[in-house]
Amino acid sequence: MEPSATIIDEAIAQKRSLPGALLPVLHAIQDALGFIPPEAVPRIAHGLNLSQADVHGVISFYHDFRSTPPGRHVMKLCRAEACQAMGSDALAAHLKRRLGIEWKETSRDGALTIEPVYCLGNCALSPALMIDGKLRGRITATALDAVIEACRRDGGQRDLASASNPESAS
Ligand code: FES
């Protein structure tokens, strides 16, 4: 059995008794694998007694779930109102142009996956983004470029927190 199949089956076994088990199962699989592989859909449907269309519908409805493996780093740029009012539309256009990709795609070098998100709870410091789970605020195009460059330089999981605010980096 593929290692990913074992992880999928374990997630189903551990969470199936929870009320509304589908979301916890999907989160557990994505936490372990970084995405929900296509082969997970029939296993989950069988394990939770749902149709494959139900499982598929939930994966596509929630922005958080990925159906393909992410890059080495994942950036979520806030697209909600407060951040839009502070220029996140222009930042989004800049980001996509710089990388030559659309939302939920990964740069060709595998460094960075970009995802839209709808409020990171950091509205007071908008426009905001999250890089590898770390919140950054008051993002400018220059700060965004610094994060992109740091992701491209870094082959592993180095802490990129200071890269989005080059003024504060030592
Ligand atoms: S609207 Fe962007 S962090 Fe809340």
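Figures for the structure shown
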{"item": "Helix-only [θ]222 nm of the chain, DSSP H runs n ≥ 4, -39500 (n - 2.57) each, per residue, nearest 500", "result": "-13000 deg cm²/dmol"}
{"item": "Long-range lysine pairs (8 or more apart or interchain), the chain, Cα under 23 Å", "result": "6"}
{"item": "Neighbour-count order for C151, C123, fewest beta carbons within 10 angstrom listed first", "result": "C123, C151"}
{"item": "Extension gain (nm, one decimal) between A124 and R108, 0.36 nm per residue minus Cα-Cα", "result": "2.4 nm"}
{"item": "Most fluctuating residue given options P19, P116, P69, as computed from a GNM of the chain linking Cα atoms under 10 Å", "result": "P19"}
{"item": "Net charge over other residues, Cβ less than 10 angstrom from the Cβ of H63 (K, R count +1; D, E count -1)", "result": "+2"}
{"item": "Residues with amide H under 5 Å from that of T68, placed H, sequence gap 5 or more", "result": "I36"}
{"item": "Only Lys, Arg (+1) and Asp, Glu (-1) charged, at Cβ; the chain dipole about Cα centre in debye", "result": "260 debye"}
{"item": "The chain, relative contact order in percent, only Cα pairs under 8 angstrom and at least six apart counted", "result": "17 percent"}
{"item": "DSSP loop GluC sites (Glu not before Pro) with at most 12 other Cβ within 10 Å: longest gap in the chain", "result": "103-170"}
{"item": "Rounded to whole Hz, the Karplus (6.51, -1.76, 1.60) HN-Hα couplings of region 75-86, x for glycine and proline", "result": "10, 10, 9, 6, 10, 7, 4, 4, 6, 4, 4, 9"}
{"item": "Rounded to 5, the percent of DSSP beta bridges in region 73-168 classed as antiparallel", "result": "55 percent"}
{"item": "Positive-end residue of H56, L91, S4, charge dipole of the chain with Cβ unit charges", "result": "L91"}
{"item": "Listed residue (H73, A128, A141) projecting farthest to the positive dipole end of the chain, Cβ model", "result": "A141"}
{"item": "Amide H within-cut-off set for H73, under 5 Å, with H built and near neighbours excluded", "result": "L112, T113"}
{"item": "Shape category assigned to region 3-61 from the gyration tensor of Cα positions, a/c cut at 1.5", "result": "rounded"}
{"item": "Degrees separating the helix 22-33 axis from the principal Cα axis of the chain, which is the longest one", "result": "60 degrees"}
{"item": "Between helix 3-15 and the chain: long-axis angle, C-alpha atoms, 0 to 90°, nearest 10", "result": "80 degrees"}
{"item": "Rg/Rg_ref, the chain, where Rg_ref = 2.2 N^0.38 Å and atoms are Cα", "result": "1.14"}
{"item": "Linear extension gain, A32 paired with E2, 0.36 nm per residue minus alpha-carbon span", "result": "9.4 nm"}
{"item": "C-alpha long axis of helix 52-61 to longest principal axis of the chain, angle in °", "result": "10 degrees"}
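Every number here is computed from the coordinates shown, using simple stated rules; none is lab data. Since this is a predicted model, take the numbers as computed values, not measurements. As a convention, Cβ positions derive from the backbone with ideal geometry for all residues, glycine included, and neighbour counts pool all protein chains shown.
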